[in-house]
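Okay, so here's the structure we're looking at.
The values are calculated or read from the model by the stated rules, or taken from the named source; none is laboratory data. Just so it is clear, the model here is predicted, and its values are computed rather than measured. Every residue, glycine among them, receives a Cβ derived from its backbone with ideal geometry; neighbour counts consider all protein chains shown. SASA here: full protein model, heavy atoms, side chains in, ligands and nucleic acids out. Shrake-Rupley method; radii C 1.70, N 1.55, O 1.52, S 1.80 Å.
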Amino acid sequence: MAIQWFPGHMAKARREVQEKLKYVDIVFELVDARLPKSSRNPMLDQIIQQKPRIILLNKADLADPVQTQKWQNYFNNLGYETLALTAKNDKSVKQIVPAAKKVLAEKRARDKEKGLKERAIRAIVLGIPNVGKSTLLNHLAGKKVATTGNKPGVTKGQQWLRFNSQLELLDTPGILWPKFEDPEVGKRLALTGAIKDDLLQLDDLAIYELEILSRFYPEILMERYQLSEDDLFQPAAEILMEITKKRGFKDDYERGSELLINELRQGRLGRFTLDRYEEKVD
Ligand code: G4P
């Protein structure tokens with residue numbers, strides 16, 4: 001089934017984000033570390049243009065650390081500062097301020113030379129749904145949350161969350177849409193829960209999951225579903241049948257598919273990355 005990419009949605013999101021960009025020094029682009037490519041908005045470069053940014057690979061606790069490091073190197077080589085982040089974890093979140101200072105160091109030094117008083121860095125969190133934007137805001141703001149009220153020119157109702165004296169965040173993140181015309185990207189986003197899976201057939205999704213796991217993480221499948229190496233040489237549809245039977249669901253493949261997808265989403269299958277660095281296309 002073809003999934004639509006709605007130009008109308010994108011145009012609106014783009015206008016909203018561009019309006020907010022005027023008030024910030026830096027963009028925190030949040031992506032899912034399991035999908036460092038598919039969970040990015042492909043128009044982001046166009047939208048934010050030269051605004052400094054940090055790419056935050058969130059949910060790093062769920063991703064394959066070897067792949068995360070490769071993706072970080074990839075983005076670093078493109079000139080972006082990156083952080084592997086677990087937004088749920090305060091310690092992880094604390095790394096953001098030093099990273100933002102590093103990105104803005106030159107500009108801040110120039111401002112200082114001009115005699116401008118040093119002020120808190122102002123930032124906006126941007127990302128597609130479900131990458132952890134609210135979680136990050138909550139953890140950044142934490143108990144120290146203090147809204148500093150509307151500032152002149154800022155969109156009505158928009159407030160700043162103060163992390164500490166060094167960082168202020170717009171209290172509403174910018175929501176962008178993933179581009180999932182490519183069915184493979186759609187399946188990856190659906191597997192991590194970023195888009196609704198009612199757009200896709202459950203068994204299609206489970207078969208796709210099995211294709212990726214048997215190729216890149218065979219040990220996860222063997223251990224969790226008591227499969228042998230030979231089992232994994234079969235086509236993914238056969239593996240699905242095998243798992244469904246083993247779990248006592250007879251030939252209810254829909255139930256087998258649901259189990260596989262839910263276990264993946266709940267993190268019961270361990271850490272994995274669906275966007276493979278090796279398959280990246282520049
Ligand atoms: P959004 O604003 O970008 O849409 O995302 P949100 O913060 O709502 O996060 C989406 C889901 O991802 C939430 O789970 C959240 O707990 C989880 N999440 C966010 N950051 C991390 C992270 O670094 N690691 C892990 N493991 N999970 C993360 P949920 O099940 O939808 O909600 P809840 O059960 O946590 O309330």
Quick one: which of 73, 41, 58 is touching a Pro at 6+ places or on another chain (Cβ under 7 Å) and either under 22 Å from residue 101 (Cβ atoms) or not aliphatic (A, V, I, L, M) (or both)?
41
If I ask for residues that are in contact (Cβ under 8 Å) with a residue 60 or more places away in the chain and farther than 16 Å from residue 275 by Cβ, which ones from the range 183-232 would you list?
197, 199, 200, 201
Please identify the pairs in which a residue from the range 165-181 that is in contact (Cβ under 8 Å) with a residue 24 or more places away in the chain and under 17 Å from residue 28 (Cβ atoms) has its Cβ atom under 6 Å from the Cβ atom of a residue that is within 12 Å of the ligand (Cβ to nearest atom) and assigned to a strand (DSSP E or B), counting only partners at least 6 apart or on another chain.
173/125; 174/126
Condition first: under 25 Å from residue 89 (Cα atoms) and touching a strand residue (DSSP E or B) at 6+ places or on another chain (Cβ under 7 Å). Now tell me which residues in the range 41-62 satisfy that.
52, 53, 54, 55, 56, 57, 58, 59, 60
Residues of the range 177-195 being over 13 Å from residue 205 (Cα atoms) and of a type in the set (A, V, I, L, M, F, W, C), which ones?
177, 180, 194
Selection within the range 154-195 - of a type in the set (Gly, Ala, Ser), more than 15 Å from the chain's Cα centre (by Cα) and either open to solvent by less than 60 Å² (accessible area, probe 1.4 Å) or at positive phi (or both):
157
